[in-house]
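Values in this text are rule-based calculations from the coordinates and carry no lab data. Just so it is clear, the model here is predicted, and its values are computed rather than measured. With ideal geometry, Cβ positions are generated from the backbone for all residues, glycine too; neighbour counts draw on all protein chains shown.
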Amino acid sequence: MLKESKVENLVRNIVLPLIEPAGYELVDVEYQKEGNHWVLRLFIDHEEGIDLDDCQWVSNLVGEELDKADPIPQAYLLEVSSPGIERPLKNAKDFDRFKGKKVEIKLFSPKNNQKEYVGILLGIENSQVALMAGQVKILFNMDEIAKAKLVFDFN
């Protein structure tokens with residue numbers, strides 16, 4: 001059986017050329033066992049947002065191509081959805097695109113005795129993620145970040 005990361009990479013390589021020409025972004029690919037079933041979950045986004053019709057269209061398009069390419073040896077469920085309002089930030093492009101937004105960053109190891117930071121994203125500076133946490137500007141190397149996501153402020 002292929003390792004999950006290899007499956008995710010294979011799927012990403014199949015999906016990207018299909019959806020990018022239509023203006024969709026592949027935010028994330030997850031492949032995991034849930035109960036007795038394997039689930040392949042694609043998170044997509046678009047400048048104009050994502051609705052159920054977008055998810056259905058991408059699911060049909062991608063599902064057919066995945067069936068042809070058959071990159072996954074076992075049966076699985078395909079789910080296509082929006083990343084939601086607290087979407088993950090995965091790469092430098094995301095960190096630049098969402099500058100000025102409130103974000104949460106979780107680190108692999110503590111920095112200044114802290115593993116979690118919430119603040120306003122300043123973008124990428126000298127290949128580092130810049131965050132304004134209160135009155136303090138903090139820089140993170142990409143390889144220090146375990147997870148990062150937008151934070152929706154209900155106020």
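Miscellaneous remarks
- A simple packing score, the average count of other Cβ atoms within 10 Å per residue, orders the peptides 124-132, 106-114 as 124-132, 106-114, with the highest score first.
- Principal semi-axes in Å for the stretch 92-150 [√(5λ), Cα gyration tensor, largest first]: 15, 12, 10
- Where a label projected 7 Å from the Cα of R97 along Cα→Cβ would reach, residues of the stretch 37-59 with amide N under 15 Å: 43-51
- Across the stretch 4-81, the volume of the C-alpha convex hull divided among the residues equals 83 Å³ per residue.
- Most positive-pole-ward Cα, S59, I85, G35, against dipole of the stretch 35-86 from beta carbon charges: G35
- Given R0 = 22 Å, the distance between the Cβ atoms of A146 and E79 translates into a calculated FRET efficiency of 0.40.
- Of the beta bridges in the chain, as assigned by DSSP with both residues counted there, near 85 percent are antiparallel.
- Each pair of Cα atoms in the chain enters the Kirkwood radius, and Stokes-Einstein at 37 °C and 0.692 mPa s then converts it into a translational diffusion coefficient of 192 µm²/s.
- Taking Cα atoms only, the orientation of helix 52-69 departs from the longest principal axis of the chain by about 60 degrees.
- C-alpha center-to-center spacing [the stretch 83-155, the stretch 1-69] in angstrom: 25 Å
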